[in-house]
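Note sheet for the following structure.
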Amino acid sequence: MTLFHFGNCLALAYFPYLIVYKNSKLSEYNSFWSCVKAGGVYMLTQLCKMIVLATFFPTYEVPEGKIDLHGELMKGAVELFDLIGIFVIISQQIGRGDLKILVAGVGWATAELVSMRLLPLWVGARGIEFSWQYIQLSFEANISLVHHIIMAVLIWMWTRNNIEKSVLPLIISLLFICSSKQTLLELVGTMFHVSSFGILGINVIVTLLVGLITTQLYVNLCIQDNAWGNPKYH
Amino acid sequence: MLETLNDVSRSLGSFWSIFTIVVLCAPAAIAVHEFTAYRMNQYSISNRDYGCKTNMVNFEARSVNANVVTRRCVLMSMGEISVDRMRELIAHKAGSILISIPQNTSSLTQDEIDNWNEVEEVLMEQPVDTSVFFTYEQPHLNDIYHEVKTGLNSDHAATAAAALGNVFHSNGYQIVSYDAVPAPTKSSLYTVQGKLSTLSRETNPSIAIVAHFDSFGISPHLAKSANGNGSGVAALLEIARLLSKLYSHPGNAPKYDILFLLSGGGKLNYLASKTWLDKRMASDSPEGAMLSEAEYVLCIDSIGKSGLNIHVSKQPKPGTPAHQMLSALQEAASLLYPNITIQNIPKKVNLGNPLLAWHHEIFTVKRISAGTISNYPSHTSLGRLNSFDTHVDGSSMYKHTHIIAEAIARYVSNVSDDSITIFSDYAVPNGAMLDRSVEFLSRTNRAAVLLQRDSPVISFLEQTLGKYISEVIVSEFKASKKDPEFQFYDQTETKLFSYNVKPAVFDLFLAIAVFVYLGAVYLFVKSVPVMMTYAYQLRKLKSS
């Protein structure tokens with residue numbers, strides 16, 4: 001609506017990232033450049049995804065109201081590249097488990113914020129015309145921060161050797177949900193004509209649920225590692 | 001490989017820098033809706049201003065009955081404004097008024113049209129500081145209009161709490177125009193003239209037939225003026241055709257020269273005719289002499305509806321050309337269409353009024369005998385200057401044209417025999433031609449402020465008159481630079497944009513909400529290690 005509105009949206013989107021960065025291990029270990037490198041991996045992954053999409057999945061003309069189910073599923077499949085990207089970051093990163101996770105999650109999410117959300121905000125939120133979508137976009141940035149940290153946790157856990165075999169399928173299914181969450185939300189949104197705030201709400205609930213389960217698994221794994229009790233880990 | 005990578009990265013880098021610059025300089029305006037609007041008239045005659053003086057719009061929309069209209073844009077539809085309310089809006093200095101008119105004006109009732117004519121007169125009586133725009137009804141504008149009408153806004157909220165609630169739910173609309181300030185244009189007035197001469201070589205007596213062809217309405221683009229004076233022009237062209245037929249028989253060609261004059265400044269106090277007359281008489285040209293010596297000048301102004309009157313400046317005395325023309329008209333009427341009687345209405349020229357009442361007064365003040373034929377009984381008749389003059393009564397126009405043609409023929413041939421009708425059988429007006437001419441004229445833009453030398457209407461007149469009459473000349477008059485007799489202004493058509501806006505307080509509340517949320521996030525993040533330790537200890541306890 002005005003520059004003030006733009007400032008509001010930017011604050012809403014970006015300050016949580018800053019808060020997480022400053023108050024976690026990231027600032028202790030001065031891992032700013034690690035996060036930037038993680039951001040670079042993100043850009044590369046997006047590039048690969050775009051090339052794959054353009055080459056192998058041509059777009060069909062979709063009539064208004066109908067959904068190109070085939071196309072959407074294909075696009076969802078390409079999202080798996082994200083998992084590979086985060087895996088690359090985690091394996092490259094030197095440090096303990098939770099640092100790796102934080103670097104991957106925060107770096108990835110920040111790169112997404114800068115590349116996908118900043119421009120629409122700059123162009124749109126400053127205009128005279130008001131639309132709720134900018135506040136929604138900023139709030140989505142928050143959700144994606146949590147979401148990517150969760151994804152990083154899940155991938156890290158998957159790479160560990162000393163987890164129980166029974167938990168592995170759960171992790172894989174959670175990962176699958178995470179990577180396809182965006183596609184599923186869009187499908188649900190168009191099929192049931194949910195308002196944009198509704199989609200946001202569903203997004204929050206799904207992310208919270210996945211987050212709780214992931215936290216539980218993570219805590220179990222840390223206990224197995226005896227990580228918390230170990231003074232070296234604090 | 002490395003070189004190509006280098007090149008790629010360099011081009012990417014330059015792309016990104018250009019992209020960033022372009023984006024940073026992009027205007028921060030995303031208009032969801034725009035619509036075309038037509039501004040009210042703005043012109044001045046003899047240094048006297050008329051109409052709307054400004055075109056600035058950057059105001060919040062309000063409905064007609066809003067409490068506060070100062071510096072707001074008032075939206076209204078044509079039917080819901082009363083004369084008093086319009087006066088109030090102007091007195092309260094409304095920033096801008098946007099009036100939506102129906103696409104199909106024939107759906108309006110006569111009451112609505114009459115009411116609107118009165119409102120138009122209020123708008124035109126004094127120059128207004130409010131920018132007044134007209135637009136055709138369209139769906140999005142209607143939506144805005146209804147929301148603004150029924151929604152609450154901060155101007156009149158019942159309680160503070162209600163005002164707070166409104167802050168989040170209300171939808172305000174800002175109407176904006178990005179046009180430059182209206183500037184004076186270099187427009188001109190035009191006349192089209194033609195002379196029908198007899199073959200005799202001595203100086204012949206002459207008469208003149210005059211009609212103005214420009215249109216007038218509250219906004220130049222909306223003016224159709226089918227009756228005033230599309231009907232007059234169509235009639236003049238048909239009469240020219242019939243008279244040229246009469247003159248084509250060398251044996252019985254009448255002794256008079258006839259001058260046809262179509263002038264383009266009729267609604268502007270007949271300025272084109274006046275200028276034409278002044279210049280011709282000053283320059284001693286043959287037409288000037290012809291006109292100043294003319295026995296009679298007959299002006300045709302709106303004959304497309306029922307009723308026929310001849311307006312003169314003084315009662316014609318028997319034996320004068322004016323009286324002769326009057327009798328010719330009355331004879332023609334009684335011969336051709338006995339149901340139609342022509343009223344003779346004398347009215348003295350009111351020199352105190354800057355605006356002349358009828359076209360013939362231009363000539364009578366120069367002591368040339370003249371009169372105006374019109375279906376309106378008075379120069380102040382309602383509907384004479386209105387914007388919804390879109391239809392004529394075809395049969396009335398036909399009959400009136402026939403009567404006038406017959407009367408002129410009788411006058412120039414000096415016939416007063418009751419048994420002869422000059423224009424009958426084959427030589428009668430062509431009704432289809434008349435209808436087509438009026439239809440063409442009413443859909444062609446003829447507002448004086450918009451006319452150019454190559455405007456379709458001037459070409460039409462030139463060509464049509466040229467079919468029957470030789471020596472068709474188009475004259476152009478520019479206003480003199482030092483003391484312009486008339487001045488037109490541009491920016492008659494514009495694009496208006498509507499933006500959905502929230503009140504300023506909304507931003508403040510949003511900022512507070514974001515601040516509170518960030519505080520919560522901060523506290524949560526701070527508490528994560530503590531929570532994790534707690535969870536760990538809980539699990540440890542359970543497992544041990």
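As a summary of the residue check, B:Phe168 satisfies the conditions (1) more than 22 Å from the chain's Cα centre (by Cα); (2) modelled with pLDDT of 80 or more except for the one numbered (2). Say whether the condition of being crowded, with 23+ Cβ neighbours inside 10 Å, closer than 27 Å to B:Val128 by Cα and not charged (D, E, K, R) is met by at least one residue in the range B:231-248. Checked against the condition, which is being crowded, with 23+ Cβ neighbours inside 10 Å, closer than 27 Å to B:Val128 by Cα and not charged (D, E, K, R), the range B:231-248 yields no hits at all. Out of the residues in the range B:488-501 meeting the condition of being within 13 Å of chain A (Cβ to nearest Cβ) and open to solvent by less than 20 Å² (accessible area, probe 1.4 Å), tell me which one is nearest to B:Leu189 (Cα to Cα). My answer is B:Ser498. For the range B:461-485, a residue qualifies if it is hydrophobic (A, V, I, L, M, F, W, C) and either more than 17 Å from B:His212 (Cα to Cα) or surrounded by fewer than 19 Cβ atoms within 10 Å (Cβ to Cβ) (or both), and the qualifying residues are B:Ile469, B:Ile473, B:Val474, B:Ala479. For the range B:356-367, the tally of residues that are assigned to a loop (DSSP other than H, G, I, E, B) and within 19 Å of B:Gly232 (Cβ to Cβ) stands at 4. Out of B:Leu385, B:Leu329, one residue alone is crowded, with 17+ Cβ neighbours inside 10 Å, at negative phi and modelled with pLDDT of 85 or more. It is B:Leu329. Any chance the range B:107-116 includes a residue that's more than 30 Å from B:Leu355 (Cβ to Cβ) and open to solvent by 10 Å² or more (accessible area, probe 1.4 Å)? Among the residues of the range B:107-116, at least one is more than 30 Å from B:Leu355 (Cβ to Cβ) and open to solvent by 10 Å² or more (accessible area, probe 1.4 Å), which makes the answer yes. Only one of the numbered conditions (1) more than 25 Å from A:Leu121 (Cβ to Cβ); (2) within 14 Å of chain B (Cβ to nearest Cβ) is not met by A:Ile155, and that is (2). Among residues of the range B:119-157 being within 15 Å of B:Ser170 (Cβ to Cβ) and small (Gly, Ala, Ser), the one that is modelled with the lowest pLDDT is B:Ser154. Screening A:Val153 against (1) within 23 Å of A:Lys100 (Cα to Cα); (2) of a type outside the set (Gly, Ala, Ser); (3) more than 12 Å from the chain's Cα centre (by Cα) leaves a single unmet condition, (3). Being away from chain B (no Cβ under 14 Å), farther than 28 Å from B:Lys542 by Cα and open to solvent by 20 Å² or more (accessible area, probe 1.4 Å) is a description that does not apply to A:Phe197. One residue stands out among those in the range B:502-544 that are aromatic (Phe, Trp, Tyr) and open to solvent by less than 30 Å² (accessible area, probe 1.4 Å): the one that is modelled with the highest pLDDT, which is B:Phe506. Scan the range B:447-459 for residues that are part of a helix (DSSP H, G or I) and surrounded by fewer than 19 Cβ atoms within 10 Å (Cβ to Cβ) and the total you get is 2. What tally of residues in the range A:88-117 results from selecting those that are buried (at least 17 other Cβ atoms within 10 Å of the Cβ) and part of a helix (DSSP H, G or I)? Within the range A:88-117, residues that are buried (at least 17 other Cβ atoms within 10 Å of the Cβ) and part of a helix (DSSP H, G or I) number 20. Consider the range A:130-148 and keep the residues that are among the polar types (S, T, N, Q) and more than 10 Å from every other protein chain (Cβ to nearest Cβ). The one that is surrounded by the most Cβ atoms within 10 Å (Cβ to Cβ) is A:Ser144.
Tallying residues that are over 13 Å from A:Thr159 (Cβ atoms) and polar (S, T, N, Q) within the range A:89-121 yields 2. When B:Glu471 is tested against (1) within 10 Å of chain A (Cβ to nearest Cβ); (2) more than 24 Å from the chain's Cα centre (by Cα), only condition (1) is not met. Here the range A:1-28 is the region considered, the condition is being open to solvent by 30 Å² or more (accessible area, probe 1.4 Å) and small (Gly, Ala, Ser), and the residue that is farthest from the other protein chains (Cβ to nearest Cβ) is A:Ser27. Could you say which residue among B:Ala322, B:Ala328, B:Ala370 is closer than 25 Å to B:Leu271 by Cα and touching a residue at least 60 places away in the same chain (Cβ under 8 Å)? Only one candidate qualifies: B:Ala370.
Taking the range B:423-441 on its own, how many of its residues are part of a loop (DSSP other than H, G, I, E, B), surrounded by fewer than 22 Cβ atoms within 10 Å (Cβ to Cβ) and of a type outside the set (Asp, Glu)?
The total comes to 5.
A:Thr45 fulfils the conditions (1) within 22 Å of A:Leu83 (Cα to Cα); (2) surrounded by 13 or more Cβ atoms within 10 Å (Cβ to Cβ); (3) at pLDDT below 85 except for a single criterion, (3).
Tell me yes or no: at least one residue of the range B:60-77 is open to solvent by 60 Å² or more (accessible area, probe 1.4 Å) and under 21 Å from the mean Cα position of the chain (by Cα).
no
The requirement of being within 21 Å of B:Ile101 (Cβ to Cβ) and either at pLDDT 80 or above or among the charged types (D, E, K, R) (or both) is not satisfied by B:Asn67. Among the residues of the range B:201-225, those that are closer than 30 Å to B:Gln42 by Cβ, of a type outside the set (Val, Ile, Thr) and not in a loop (DSSP other than H, G, I, E, B) comprise B:Ala211, B:His212, B:Ser215, B:Pro220, B:His221, B:Leu222. Checking each residue in the range A:29-40 for being in contact (Cβ under 8 Å) with a residue 60 or more places away in the chain, open to solvent by 40 Å² or more (accessible area, probe 1.4 Å) and assigned to a helix (DSSP H, G or I) picks out A:Val36, A:Lys37.
The values are calculated or read from the model by the stated rules, or taken from the named source; none is laboratory data. All values derive from a computational prediction rather than experimental measurement. Counting neighbours? That spans all protein chains shown, and the Cβs are built from the backbone with ideal geometry, glycine included. Quick note on the areas: whole protein, heavy atoms, side chains included, nothing else; ligands and nucleic acids left out. Shrake-Rupley method; radii C 1.70, N 1.55, O 1.52, S 1.80 Å.
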